[in-house]
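J.: My questions will all concern the structure given below.
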Amino acid sequence: MGILGKIFTWWDGATIGTSLFSAMNGEHVGTDAQGNKYYRSNKAKTVEGYGKRWVIYAGANDASNVPAEWHGWLHHSYDEVPESHLAPPRIWEADYTPNATGTVKAYRPQGALERGGHRAPATGDYEAWSPEA
């Protein structure tokens, strides 16, 4: 997309303004497995006593792209970056995948329009409501 894409689009990564703000006012604290970069403010804290924290996505700006451990850090559930206190991954744990709703990879149940729109007929336990009854 190039430089024009960075100037005029906000939905796919950081704009030039966000990148400049992050460089001048933020401290890069970590990067997750998807390539999202996490920052915290190097300025004064807010009224609640927290410093600002934000993420620059490595693709589409979708909050479901943030893994749970970084979500907790962004929302001040803990102060340390997730890598410093995560348990080692278990062999049975699956890798994190973002929400696929609205994408080609979304789940399409039987009867969905995207799968032809044909579904099994209703069973005999359903009776349609009629206003005369």
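J.: Under 13 Å from a label point 7 Å along Cα→Cβ of residue 101: give me every residue in region 60-80 with its amide N that close.
T.: From region 60-80, the list is 63-65.
J.: Taking residue 52 as the anchor, which aspartates and glutamates have their alpha carbon closer than 20 Å to its alpha carbon, excluding any fewer than eight residues away along the same chain?
T.: 27, 32, 62, 69, 79, 80, 83
J.: On full extension of the chain, what length is gained from residue 119 through residue 23, given 0.36 nm per residue of separation minus the C-alpha to C-alpha distance?
T.: Fully extending the segment from residue 119 to residue 23 adds 29.2 nm.
J.: While we're looking at this one, here's another question. Stretched out fully, how many nm does the piece from residue 62 to residue 31 gain, at 0.36 nm a residue minus the Cα gap?
T.: Residue separation times 0.36 nm, minus the Cα-Cα distance, leaves 9.6 nm.
Each reported figure results from applying straightforward, stated rules to the coordinates on display, with no laboratory input. What you see is a predicted model, and the numbers here were worked out from it, not measured in a lab. FYI the Cβ positions are ideal-geometry reconstructions off the backbone, even for glycines, and counts take in every protein chain you see.
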